[in-house]
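Notes follow once the structure below has been shown.
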C-alpha cells in the first residue's frame, strides 16, 4: 500500500515538474473533439503522425540529449519495427500484440549488438558507424525481394484483441496510449539514478568512471531502450501507414527525428514532442504559405525549410524549450531538469 | 570470357574508386582539420554535374562545360564557407549535422526549381565515346578510362601538393593539431576556406565526370556522400592517403561484390538461396567492411591525428 502511495507521489511530482509535456499529451487526447466539431477529420491523421514521430524522437532523445551520443541511425529501428508487422503478416501472424512483442525483442537485440559495436567509438566515428549500420539494414530490405524490395509491401492494420483498428479513432487512441506510456516511462528513467548517471556521463565520462561505475553499461542500456521505443513507434507507424517500404528507414529519416529533437529542445522531456508538432505543422503549412505567395512553387517548400533549419541552429540555441525559457515560461518547460 | 569480365569489372571498380576519392579527399580534410561534419558535400557533386551539363548543353562543347564548371564549384564552396560554414565550426557535431542537412534540402530544392525535377543527360564528345582495347579482344569505354586517368592524376597532384608544398605542410599540421598550427602563426581561417573551396571543387569534378555516366538529377550526390563517408572512416579521418586507399578498396569491393558475390554464393548454397541473399549481401558489403574496420581499428586504417 505504501508502495502505491510512493508511486502516486512520484507520478504527481513528475507531472508537476513536466507540466508542458503532460499538457501536450492531454491536448492530443482532446484533439479529436476539436476535429470532430470543426469537421476536419484529416487533422486526426496529422496528429497521429506527430505523435508517432514525437514518440520516436523522445526515444532517440534519451541517447542524444541525455546521453550525448549522436546516433545517426535510429531510423533503422523505426523501419525494423514496421517490418516486424509486415513480415509477420506475410507469414500469417496478424495479432498486434505479437507484433509489438516481436518488435521490442528484435529492436532490443539489434540495439544491443549495434550499441555494443558502435559504442567502441566516439565523436564523428560514432555518428558514422551508426549511419553505416542503418544503411546496411536499409539496403538489406531494399534487396529482400520477397518482402517487396524497393517497392515495399502493403499492410493491414493489426488485430488488437477486441479492438478493431479500422473503426474511427481506435488507432488514434492506441497511439496516444503508447505515447503516454513512453512519456511516463522516460520520465521515470530520466529522474532515476540511471538517468542522473547518464547525464553525468554526458558531461564528464572519466569522472563517472572514477566513481567506480562503468559508463559503457549505462550507454548501452540507454541505447537499447531508445531502440525499443523507436521500434514501437515503427510498429504503430506501419498500422497507420498501412504500408511499409525501405523508405521508412532512409537516412534522411534519422536526420528528420534529430531535427525534431533539436528544434524542440535537446535533453528535455517535452522538447521532442513540441518539436514534432512544430516540424510537421511547418510541413503542412509551408507549402500553403508558399503557394499563397508564389503558386507555381508551392511544392518546392523545402527551399524555405532548409534555410529555416540553418537559422534554428545559428540563432535558436536550446530549441523551442529554450525560447520558452527566455520568454519567462521556465516553470512549464522545466529547463531545470535538463543538462546545460 | 570470365577473365575479360573480371578485368572489365576491376576497371569499373577503379573508376568508382577514383570518383569516390575525389569526393572523399576534400571531405576527409573538412572532417579532420575543421572537425566539421559536413553532410552537404554531396550537393557540391550535384552542383558540379549540373554546371557542366548545363554549360555543355548551352555551348555544345563538352570541354568548355568542364572548364567553366571547375571555377563555378570552387566559387560555390568558397561562398558557402564564407556565408554559413564558418559560423558553425565551434558548434557541436549535432548542430553541424542539422545545419548541413538544411543545406542539402535547400540545394536539392533550388536545383529542382532551377532545372526541373527531370534528369539532364549530356552526350559525350565523339572523341571520348569510343572504345579502347585494354587487352586484345577486350574493349573498354574510352570515357571511363579517361575518368580513371583524371582521377589518378588528381590523386597524384593532391599527394604532391600535400606532401611537398608549404601550404600542404600547413594542411598536414592542421590535420594533426589545429590549435597548435594556429598558435604557430598560420592563418587557419584562410587555410580552412581554401581547403573547403578546393574540396568542393574536387567533389564538383567527380560530379562533372559522373554526369555522362549516370543521370544528372536533384539529390544525385547523396548516395556518393554516404559512400565517401564510409571511405573516410575506413581510411581514417583527416588522412588523404587513407582516403585514397580506402576509396579504391571500397570501389572495388562494391563493384566486384555486386557482380560476383551471387555466383560465389552459388558455389556454397542452393541456387534459390544464393540468388536471394547475393544482392542483399553485396549491397551491405562495404558497410560490413567499415564496421569490421572500426571494430578492430576504431580510428580507421591511417589515423591522421597523433
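Determine, yes or no, whether residue A:117 is farther than 30 Å from residue A:262 by Cβ, surrounded by fewer than 24 Cβ atoms within 10 Å (Cβ to Cβ) and within 13 Å of chain B (Cβ to nearest Cβ).
no
Tell me whether the range B:47-68 contains one or more residues that are assigned to a helix (DSSP H, G or I), farther than 18 Å from residue B:155 by Cβ and within 11 Å of another protein chain (Cβ to nearest Cβ).
No, the range B:47-68 contains no residue that is assigned to a helix (DSSP H, G or I), farther than 18 Å from residue B:155 by Cβ and within 11 Å of another protein chain (Cβ to nearest Cβ).
Report whether or not residue A:110 is more than 10 Å from chain B (Cβ to nearest Cβ) and touching a strand residue (DSSP E or B) at 6+ places or on another chain (Cβ under 9 Å).
When the stated conditions are applied, residue A:110 does not pass them.
Could you identify the single residue in A:27, A:14 that is assigned to a helix (DSSP H, G or I), over 20 Å from residue A:320 (Cα atoms) and more than 14 Å from chain B (Cβ to nearest Cβ)?
So the residue among A:27, A:14 that is assigned to a helix (DSSP H, G or I), over 20 Å from residue A:320 (Cα atoms) and more than 14 Å from chain B (Cβ to nearest Cβ) is A:14.
Output yes when any residue across the range B:202-213 is within 11 Å of chain A (Cβ to nearest Cβ) and closer than 23 Å to residue B:74 by Cα, and no when none is.
No - not one qualifying residue is present in the range B:202-213.
Give me the residue from the range A:82-114 that is under 16 Å from residue A:178 (Cα atoms) and loosely packed, with under 15 Cβ neighbours inside 10 Å and, out of that set, nearest to the chain's Cα centre (by Cα).
A:101
Tally up the residues in the range A:128-159 that are over 18 Å from residue A:248 (Cα atoms) and either at the interface with another protein chain (Cβ under 10 Å from one of its Cβ atoms) or not in a loop (DSSP other than H, G, I, E, B) (or both), please.
Residues flagged as over 18 Å from residue A:248 (Cα atoms) and either at the interface with another protein chain (Cβ under 10 Å from one of its Cβ atoms) or not in a loop (DSSP other than H, G, I, E, B) (or both) within the range A:128-159 amount to 3.
Can you tell me how many residues in the range B:82-107 are more than 9 Å from every other protein chain (Cβ to nearest Cβ), assigned to a helix (DSSP H, G or I) and touching a residue at least 40 places away in the same chain (Cβ under 8 Å)?
Narrowing the range B:82-107 to residues more than 9 Å from every other protein chain (Cβ to nearest Cβ): B:82-83, B:85-86, B:89-90.
Still in the running and assigned to a helix (DSSP H, G or I): B:82-83, B:85-86.
Filter once more, keeping what is touching a residue at least 40 places away in the same chain (Cβ under 8 Å): B:82, B:85-86.
Adding up the residues that qualify gives 3.
If residue A:123 passes every condition in (1) away from chain B (no Cβ under 11 Å); (2) at positive phi but one, which one does it miss?
(1)
Do any helices (runs of 4 or more DSSP H) entirely within the range A:199-280 hold 3 or more residues that are within 14 Å of the chain's Cα centre (by Cα), and if so, which?
Passing ranges, in order: A:215-241, A:251-264.
Taking the stated definitions as given, is residue A:186 more than 14 Å from chain B (Cβ to nearest Cβ) and surrounded by 15 or more Cβ atoms within 10 Å (Cβ to Cβ)?
Answer is yes for this residue.
Out of the residues in the range B:286-306 meeting the condition of being more than 9 Å from every other protein chain (Cβ to nearest Cβ) and buried (at least 19 other Cβ atoms within 10 Å of the Cβ), tell me which one is modelled with the lowest pLDDT. Steps first, answer last, please.
Going through the range B:286-306, the residues more than 9 Å from every other protein chain (Cβ to nearest Cβ) turn out to be B:289, B:292-293, B:296-297, B:301-306.
Among the residues that remain, those that are also buried (at least 19 other Cβ atoms within 10 Å of the Cβ) are: B:289, B:293, B:302, B:304.
On the way: B:289: 87, B:293: 86, B:302: 82, B:304: 67.
The qualifying residue modelled with the lowest pLDDT is B:304.
Of these, B:144, B:241, which one is under 15 Å from the mean Cα position of the chain (by Cα), away from chain A (no Cβ under 14 Å), surrounded by fewer than 24 Cβ atoms within 10 Å (Cβ to Cβ) and farther than 30 Å from residue B:105 by Cα?
On inspection, the qualifying residue turns out to be B:241.
Could you tell me whether the range A:62-80 includes any residue that is without any contact (Cβ under 8 Å) to a residue 40 or more places away in the chain and either under 15 Å from the mean Cα position of the chain (by Cα) or farther than 18 Å from residue B:98 by Cβ (or both)?
Scanning the range A:62-80 turns up no residue that is without any contact (Cβ under 8 Å) to a residue 40 or more places away in the chain and either under 15 Å from the mean Cα position of the chain (by Cα) or farther than 18 Å from residue B:98 by Cβ (or both).
Quick one: in the range B:193-231, of everything that is out of contact with any helix residue (DSSP H, G or I) (no Cβ under 7 Å at 6 or more places or on another chain) and part of a helix (DSSP H, G or I), which residue is surrounded by the fewest Cβ atoms within 10 Å (Cβ to Cβ)?
It comes out as B:223.
Of the residues A:116, A:125, A:83, which single one is in a helix (DSSP H, G or I) and touching a strand residue (DSSP E or B) at 6+ places or on another chain (Cβ under 8 Å)? Outline the logic, then answer.
Details: A:116 fails: touching a strand residue (DSSP E or B) at 6+ places or on another chain (Cβ under 8 Å); A:125 fails: touching a strand residue (DSSP E or B) at 6+ places or on another chain (Cβ under 8 Å).
Answer to the check: A:83.
Which one of these is in a helix (DSSP H, G or I) and either within 14 Å of chain B (Cβ to nearest Cβ) or at positive phi (or both): A:92, A:59, A:65, A:105?
Exactly one residue qualifies, and that residue is A:65.
Does any residue in the range A:194-216 that is without any contact (Cβ under 8 Å) to a residue 24 or more places away in the chain come within less than 7 Å, Cβ to Cβ, of a residue that is assigned to a loop (DSSP other than H, G, I, E, B) six or more places away or on a different chain, and which pairs are these?
Note: pairs meeting the criteria are A:197/A:213.
The values are calculated or read from the model by the stated rules, or taken from the named source; none is laboratory data. For clarity, every value in this text was computed on a predicted model and none was experimentally measured. Every residue, glycine as well, gets a Cβ built from its backbone with ideal geometry; the counts of neighbours run over all protein chains shown.
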